[in-house]
1. At 0.36 nm per residue, and after removing the present C-alpha to C-alpha distance, how many nm does the segment from Asp85 to Lys11 gain when stretched out fully?
2. Place the peptides 163-173, 417-427 in order of packing, highest mean first, counting for every residue the other Cβ atoms within 10 Å and averaging per peptide.
3. Hey, what's the chain come to in accessible area per residue, 1.4 Å probe, Å²?
4. Show me the helices of the chain, taken as full DSSP H stretches, that run 24 Å or more along their long axis by Cα and average -1.0 or above in Kyte-Doolittle hydropathy.
5. How much length would be gained if the chain were fully extended between Tyr190 and Phe207, taking 0.36 nm per residue of separation minus their Cα-Cα distance, in nm to one decimal?
6. I want to check the label-to-label distance for Glu327 and Asp425. Put each point 7 Å from Cα in the C-beta direction and report it in nm to one decimal.
7. Using alpha carbons only, how many angstrom separate the centre of the range 1-48 from the centre of the range 305-364?
8. Stretch Lys335-Ser199 to full length: gain in nm at 0.36 nm per residue minus the Cα-Cα span?
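The values are calculated or read from the model by the stated rules, or taken from the named source; none is laboratory data. If you're wondering where the values come from, they're calculated on a predicted model, not measured in any experiment. Heads up, the Cβs are rebuilt from the backbone with ideal geometry, glycines too, and the neighbour counts pull from every protein chain shown. To get the accessible areas, we keep the full protein, side chains included, count just its heavy atoms, and leave off ligands, DNA and RNA. Shrake-Rupley method; radii C 1.70, N 1.55, O 1.52, S 1.80 Å.
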Amino acid sequence: MTGLSTIISKKIVKPLSPTPSTQRWHKLSLLDQGIGNFYMGLVLFYPKHQVDTFQIEPKQLSTLLENSLSKALTYYYPWAGSLRDNATIDCDDTGAKFLDVEVNCPMDKVLYHQDSSIKNIAFPQGVPLRNAADGACLIVSQLSHFECGGIAISVCLSHKVGDARSALFFVRDWAALTRDPNAELVCPPYFVQDSLIPSPSDGPLAFPVIVSKPEERIELEKRFYFSASKIRALKDLVAAESGVENPTTTEVVSALVYKSAAIANLGSSHEQSRLILLSDIRKEISHSVSSTSIGNILTIFSTPIYNNKEDLKVSKLVADIRKSKHELSNRDNFKENDWASAMLHAYKTGDGTYRQINCDVYRCSSASNIPFKDLDFGWGKPIRATMPSSPFSKMFYMMSTHDKGIEVIINLNEQQMSAFENDKDLLEFATPAHVED
């Protein structure tokens with residue numbers, strides 16, 4: 001399936017109002033500096049019957065979204081700027097790229113396809129999700145019109161400016177300004193910049209340490225679905241076996257996915273492995289920042305290193321994840337931020353962020369408690385919110401679905417994926433993403 005999309009128009013959308021000179025230079029925190037200039041992607045699918053309730057022609061819809069994006073960029077001005085160096089964004093009102101695209105197939109053909117090249121058609125084509133080119137816009141968005149009359153709205157935002165929660169705030173406010181073009185934001189965003197975790201005393205990082213290198217390209221990406229009923233059953237099983245009270249969705253699903261992936265890789269170069277999880281720390285540091293602050297306000301926590309298959313029991317993994325989370329909540333995540341420490345170590349030694357750990361490292365980023373599925377531009381909530389392919393190996397993402405389930409997007413090499421997708425414990429609770437004929 002090639003030649004699926006046709007670009008109708010391609011524009012640069014600038015902020016409605018110029019950014020004041022007092023806000024010209026946006027200083028990046030240590031965590032921002034450690035992250036490469038790659039994009040976070042999000043796509044929202046809306047079927048024809050929802051779009052029809054808005055009673056607007058496709059061309060008018062594109063204009064409406066461009067105008068509201070322009071207004072949103074006035075508030076989110078760093079994303080409308082350009083990356084000056086690894087520690088600074090020049091808020092020069094470069095603007096965001098906006099594409100209007102026709103997709104020459106029904107929405108279902110893209111929505112339920114397992115092939116990542118087909119699923120990614122709703123994202124701006126040619127945007128390097130791995131490492132953006134110098135001078136690239138920090139936001140690229142796309143409106144896709146499907147043959148069936150449905151639409152998709154996708155956006156790719158530079159991770160240098162903020163994390164997934166920051167992306168939610170941006171798209172939420174863009175949606176609000178689309179619903180009511182005369183509205184003003186009641187709670188405009190606050191950019192923490194380098195006020196929380198500043199540059200080291202000897203100066204900022206000259207280059208990022210979390211980048212996607214060519215040798216890390218992934219042979220296969222697969223998606224798996226956990227229904228709400230299967231998640232409840234998994235929680236009940238874990239609670240009974242581990243004694244952990246009220247295990248969370250993230251705890252049980254991440255433990256099962258990691259365990260199945262690690263076992264699928266036994267016999268490779270590393271017999272040992274561990275799981276590292278990203279954590280939003282806005283709540284933990286609420287005395288210092290607003291819950292709606294923009295930036296990479298994150299840390300990491302991890303399981304112990306496991307030596308063999310016998311260690312990889314889901315109930316044990318959940319208990320270890322809970323213990324690590326508890327330790328995280330009891331420390332100062334400014335002064336003792338494990339992610340910042342890992343970045344500094346990698347920068348000083350050149351080892352890579354996790355390469356000093358002599359084992360396989362699996363990483364989980366969960367957006368299951370981020371309500372992307374509730375984003376309403378004026379014609380209702382999307383029937384699906386999802387992400388593009390990831391450029392990172394042994395990485396998996398979790399997103400909530402409209403029916404209270406979880407979608408897991410995972411990248412593994414071909415041999416490991418073959419064993420992973422046939423793991424009987426995984427398939428007891430998860431099903432591979434559906435493929436339409």
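1. Here the answer is 24.1 nm.
2. 163-173, 417-427
3. That works out to 43 Å² per residue.
4. 58-75
5. Between Tyr190 and Phe207, full extension yields 3.6 nm more.
6. 2.2 nm
7. 30 Å
8. Once the chain is fully extended between Lys335 and Ser199, it gains 47.7 nm.
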